[in-house]
Amino acid sequence: MRRLQTAKRNGAGASGQGGRSGVLSLLRVRPLPGDPTRGTLIAGGAVIACALGRAGITARKREGDGASPRGVFRLRGGFYRPDRFPVRPVSALPLRATRPDDGWCDAPQDRRYNRPIRLPSTAASAEQLWRDDGLYDLVIDLDYNRGPIRPGRGSAIFLHIARSGYRPTEGCVALKPADLLRLLRRLGPRTRMKIGR
């Protein structure tokens, strides 16, 4: 999908799209008609293609259901893989470099569920953040099910790098690397992401 408009340099003030700093206050993610696994992310004046969960968007997210959660989420910060991005990506969000032993617990019965952990771990199940496929080379934590954490309601919901052809995610929102890097420059602690219409 081609970019329909370019983002305004100074945001849109009181419209909720940004302020004088250019930092966006709201991102909107909407599915494409006829294909719930693909969508558009609207960021100020830019419309960006994105991948969604293989089960579309749901208001009743469960662990392993493959759906992206409906709702409005703040951006907690994120991480980047330093061997793929030797220079820290530019963003007002806090970003840290990942390590090969970084993981994320996705075992609902574990007390560390939906939290970052070190690998190897005693957790029954965990995602590895240092991946060969590049999907987590650059990641933003969408603050889904983080406070309070509800066992079984879903874990590791991120904004991350898309597979080729925008193939579906396991419940995240994913962008092309260049689009994610550009977007990061306009995100800050007050930015929110709204998933679903």
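The values are calculated or read from the model by the stated rules, or taken from the named source; none is laboratory data. If you're wondering where the values come from, they're calculated on a predicted model, not measured in any experiment. Note that we place each Cβ from the backbone using ideal geometry, even for glycine, and neighbour counts take in every protein chain shown.
Taken together, ARG131, ARG153, ARG185 contain a single residue that is basic (Lys, Arg), at pLDDT 95 or above and under 19 Å from THR58 (Cα atoms), which is ARG153. Scan the stretch 142-163 for residues that are out of contact with any Pro (no Cβ under 9 Å at 6 or more places or on another chain) and buried (at least 21 other Cβ atoms within 10 Å of the Cβ) and the total you get is 4.
Answer with yes or no whether GLY134 is over 16 Å from LEU27 (Cβ atoms) and within 15 Å of the chain's Cα centre (by Cα). Spelling it out, GLY134 is indeed over 16 Å from LEU27 (Cβ atoms) and within 15 Å of the chain's Cα centre (by Cα). Scanning the stretch 164-178 turns up no residue that is hydroxyl-bearing (Ser, Thr, Tyr), under 12 Å from the mean Cα position of the chain (by Cα) and over 22 Å from ASP35 (Cβ atoms). Where strands (runs of 3 or more DSSP E) sit wholly within the stretch 103-197, those with at least 1 residues that are in contact (Cβ under 8 Å) with a residue 24 or more places away in the chain occupy 126-128, 138-141, 158-161, 173-175, 192-195. Inspect all residues belonging to the stretch 32-48 and state whether any of them is crowded, with 20+ Cβ neighbours inside 10 Å, in a loop (DSSP other than H, G, I, E, B), at pLDDT below 50 and not hydroxyl-bearing (Ser, Thr, Tyr). No, the stretch 32-48 contains no residue that is crowded, with 20+ Cβ neighbours inside 10 Å, in a loop (DSSP other than H, G, I, E, B), at pLDDT below 50 and not hydroxyl-bearing (Ser, Thr, Tyr). For ARG197, state whether it is at pLDDT below 95 and either over 17 Å from LEU75 (Cα atoms) or in contact with a strand residue (DSSP E or B) (Cβ under 6 Å, 6 or more places away or on another chain) (or both). Considered against the rule, which asks whether it is at pLDDT below 95 and either over 17 Å from LEU75 (Cα atoms) or in contact with a strand residue (DSSP E or B) (Cβ under 6 Å, 6 or more places away or on another chain) (or both), ARG197 comes out as yes. When PRO82, PRO69, PRO31, PRO36 are checked against the criterion of being closer than 23 Å to ASN145 by Cα and either touching a helix residue (DSSP H, G or I) at 6+ places or on another chain (Cβ under 9 Å) or free of Cβ contacts under 8 Å to residues at least 24 places away in the same chain (or both), PRO36 stands alone in meeting it.
Please work out if GLY103 is of a type outside the set (Lys, Arg), closer than 22 Å to LYS61 by Cα and either over 15 Å from the mean Cα position of the chain (by Cα) or surrounded by 18 or more Cβ atoms within 10 Å (Cβ to Cβ) (or both). Give the derivation first.
Values: of a type outside the set (Lys, Arg): yes; closer than 22 Å to LYS61 by Cα: yes; either over 15 Å from the mean Cα position of the chain (by Cα) or surrounded by 18 or more Cβ atoms within 10 Å (Cβ to Cβ) (or both): yes.
Criteria met by GLY103.
For the stretch 106-124, taking the residues that are out of contact with any Gly (no Cβ under 9 Å at 6 or more places or on another chain) and of a type in the set (Gly, Ala, Ser), the one that is surrounded by the fewest Cβ atoms within 10 Å (Cβ to Cβ) is identified as ALA124. For the criterion of being within 15 Å of LEU75 (Cβ to Cβ), among the aromatic types (Phe, Trp, Tyr) and surrounded by 16 or more Cβ atoms within 10 Å (Cβ to Cβ), TYR166 fails. Scanning the stretch 74-100 for residues that are loosely packed, with under 15 Cβ neighbours inside 10 Å, outside any loop (DSSP other than H, G, I, E, B) and hydrophobic (A, V, I, L, M, F, W, C) gives a single hit, ALA97.
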